[in-house]
Amino acid sequence: MTDNLDGTHPAKGISAVAPKEGGGFPNPGLPPHVHRQADTDPRAEKRAERVVAAMFVISVLGTVLFIAAYFLFTPLGTNLLAESGTLHAVRWSNLFTGLGLAISVFFIGAAAVHWAKTLMPDDEWVEERHPSRSSDEAREAAAEIITSGLDESGIARRPVIVSAMAVALAALPVAVLAPLSTLGPLPGNKLHHTFWEKGMRLARDHDGTPIRADEVALNSIFHVMPEGLTQETPNFMNERAKAAAVIVRIDPALGQNEESLSNGYQGILAFSKICTHVGCPVALYEQQTHHMLCPCHQSTFDVTDGAKVIFGPAHRPLPQLPIEVDDEGYLVAGGDFPEPIGPSFWNLHKDK
Ligand code: FES
């Protein structure tokens, strides 16, 4: 067995270890300090200062590029290099705004690193270990060191860099504010109404044919749209997104919610298809349990109980579309949804 370095024998089962005191390796100390060029040559120092300032100026140019690109290369409006609304217009917009922001952020970082590496104090200090809490004298000395460190960092003596940095840092948030100027108008009451109106027939989503009540078999599901909603309808895509609904037919005896049943027709119930969590289409229907499932985050709605949330992150039931049957036996809406469809927002209750 190997002896310890101090010549004693290690305890049984323990390998040899270095002695607590003495022996071991000599302290290698610090290598000789090499001064940087900017520490010894005033012209190099001035050059480094100019480089740092130039980088901050380039950052400002990047910010200006971002703002200009945001207005001159828009995807849907003015675009100097492509036709509005095309994929090329989106690409140019992304390219120039991304480039501007990248330049702006990168050169602030690069300037800070170059400043620290070339101009900030480069002294090496050795401090002996001492008890965790310093003496009062040491604490005072530390405060003095910090104060003098600030003086030595030369911030007060380098107004050019400080000014350039201040302008660069002040300009960057402007790039963030620019998009706010193009936010659209307030939605008004658009979120409270959909295309559905009293007497409007429910039509199959894929071919637009109206649905008769006797075509809806027990436990079946139909994806429906208002019959009059066509490509020619103003704001077709928005209206379509808001009006999407599903109808299911359950045995009325299973219904647990009188109000919900009375808003349907002989167990045929219509609900908004837009999840009340964050708006995915709720399109999965489990026939055995009569649950509708949102595939995005698994919110589950009980169709027998007014589409109440029984699982998942949604906070309120799917709004129910009141339905009736017209003289020819077709399903028609009894009116619009009684409350806004889709994700809950500020003035919608959040109780399940
Ligand atoms: S969008 Fe439906 S659960 Fe999240």
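Just so you know, all these numbers are worked out from the coordinates, no wet-lab data involved. Not measured: the values here are computed from a predicted model. Because the Cβ atoms are built from the backbone with ideal geometry, glycine has one as well, and the counts that use them run over all protein chains shown.
Inter-label distance, ALA102 to VAL57: 2.4 nm, where each label sits 7 Å from its Cα along the C-beta direction. Placing R0 at 22 angstrom, the Cβ-Cβ distance between ILE146 and ALA110 gives a FRET efficiency of 0.25 after rounding to 0.05. Rounded to the nearest Hz, the phi-derived 3J(HN,Hα) couplings of the stretch 198-210 under the Karplus curve 6.51 cos²θ - 1.76 cosθ + 1.60 (θ = phi - 60°) are 4, x, 6, 6, 8, 10, 4, 4, 7, 10, x, 7, x, where x marks glycine and proline.
When every alpha-carbon pair in the chain is counted, what percent end up more than 35 Å apart? Value for the chain (Cα pairs over 35 Å): 59 percent.
Taking the fewest neighbouring Cβ atoms within 10 Å as the starting point, the ordered list for VAL52, VAL216, VAL162 is VAL162, VAL216, VAL52. From most to least packed by mean Cβ count within 10 Å, the peptides 310-316, 29-35 give 310-316, 29-35. Placing +1 on the Cβ of each Lys and Arg and -1 on the Cβ of each Asp and Glu in the stretch 203-310, which of SER262, PRO252, THR233 has its Cα farthest towards the positive end of the resulting dipole? Toward the positive end, the furthest listed residue is THR233. Projecting the Cα atoms of SER135, LEU218, TYR70 onto the charge dipole of the chain, computed from C-beta unit charges around the Cα centre, puts TYR70 farthest toward the positive end.
Magnitude of the charge dipole for the stretch 249-347, about its Cα centre and with charges confined to Cβ atoms of Lys, Arg (+1) and Asp, Glu (-1), is about 500 debye. The length gained by stretching the chain between VAL90 and ARG204 to full extension, at 0.36 nm per residue less their Cα-Cα distance, is 37.6 nm.
What is the dipole size for the stretch 125-251, taken about its Cα centre, with +1 at each Lys and Arg Cβ and -1 at each Asp and Glu Cβ, in debye to the nearest 20? Numbers along the way, then the final one.
Details: 13 positive and 17 negative charges, 118 e Å.
Roughly 560 debye for the stretch 125-251.
Within 10 Å of each residue's Cβ, count the other Cβ atoms and sort PHE236, PHE73 from fewest upward.
Details: PHE236 13, PHE73 22.
Exposure proxy ranking, most exposed first: PHE236, PHE73.
Taking the Cα centre of the chain as origin and assigning +1 to Lys and Arg Cβ atoms and -1 to Asp and Glu Cβ atoms, the resulting dipole is close to 820 debye. The helix-based estimate of mean residue ellipticity at 222 nm for the chain, built from -39,500 (n - 2.57) per DSSP H run of four or more residues and divided by its residue count, is -11000 deg cm²/dmol to the nearest 500.
In the stretch 99-240, inverting the average of 1/r over every pair of distinct C-alpha atoms gives 23.5 Å as the Kirkwood radius. Computed from phi, the 3J(HN,Hα) profile of the stretch 178-192 under the Karplus parametrisation 6.51, -1.76, 1.60 (θ = phi - 60°) reads 3, x, 4, 5, 10, 4, x, x, 4, x, x, 9, 4, 6, 8 Hz, with x in place of Gly and Pro.
Taking 7 Å steps out from each Cα toward its Cβ at ARG47 and GLN288 produces label points 8.0 nm apart. Whole-percent P(r), the stretch 190-333, all Cα pairs, 10 Å bins from 0: 12, 45, 36, 7, 0.
Using only the alpha-carbon atoms, how far is helix 42-72 inclined from the longest principal axis of the chain? Give it as 0 to 90 degrees, nearest 10. The angle comes out near 10 degrees.
Subtracting the Cα-Cα distance of ALA170 and GLU83 from their residue separation scaled by 0.36 nm leaves 27.9 nm. Model label points for ARG133 and VAL162, set 7 angstrom from Cα along the Cα-to-Cβ axis, are 3.7 nm apart. Placing unit charges on the Cβ atoms of the charged side chains and taking the dipole of the chain about its Cα centre, the candidate lying farthest along the positive direction among VAL176, LEU293, LEU99 is LEU99. What percent does the relative contact order of the chain come to when contacts are Cα pairs within less than 8 Å and at least six residues apart? 12 percent.
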